Each structure stands twice: as structure tokens, then as C-alpha cells.
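The next block holds one structure in the form of C-alpha cells; read it before the comments.
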Amino acid sequence: LAYLDESPDYCTYDPVHQIPGTHGRECLPNSTEEANCSELCCNRGSRVLLREVQEKCHCQFHWCCRVECQTCIRTEEYHVCN
């Protein structure tokens, strides 16, 4: 099996092949999987951002038979490729 065309560079934006690149893509800094920041960001590094996440909390069961929860907001860090 022989390939005549060179594989496109998936790291950078390529409008011809409609490849978005990895700039701004979320990555996992401590992962050993493909989504780790070093590999996914093509060794360009990543930056840490913060986002607010809404989640249910302080849930209580009321007899009978419903659960009431409050909505809590927590701030979490996430990483994106440079």
C-alpha cells in the first residue's frame, strides 16, 4: 500500500482540506490519552482558563416522592491549546 499524497497537518488551520486545527481546543494536561495537551496541541503549549459550571446540589428527598435540589455554581479550570 502506497500513498501518493502527503497527509495534511492536523495541527494548523487548513481551509483547503477544511481542517480546523487544534488552536483553542480543550485538552487534558495530565492525561496519557490522545487528548493530552502536549500531543493534542502539537507541542505549542496550552493555557488555563476558568469557567462557571451549574450543577444540582443540596438535594433533599421529600416524602413521598419527590427530590428538590438547589442549583450551585462552581468555578473549574480547563486547558486549551495555544
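We did not get these values from a lab; they are worked out from the coordinates using the rules stated. Since the structure is predicted, the reported quantities are computational estimates derived from the model, not experimental observations. Heads up, the Cβs are rebuilt from the backbone with ideal geometry, glycines too, and the neighbour counts pull from every protein chain shown.
Filtered by the rule that a residue be more than 18 Å from Glu77 (Cα to Cα) and in contact with a strand residue (DSSP E or B) (Cβ under 7 Å, 6 or more places away or on another chain), region 22-36 gives a lone residue, Thr22. Just to verify a result, which residue in region 1-52, among those that are among the β-branched types (Val, Ile, Thr) and part of a loop (DSSP other than H, G, I, E, B), is farthest from the chain's Cα centre (by Cα)? That would be Val16. The single condition among (1) among the charged types (D, E, K, R); (2) surrounded by 10 or more Cβ atoms within 10 Å (Cβ to Cβ); (3) more than 17 Å from the chain's Cα centre (by Cα) that Arg66 does not meet is (2).
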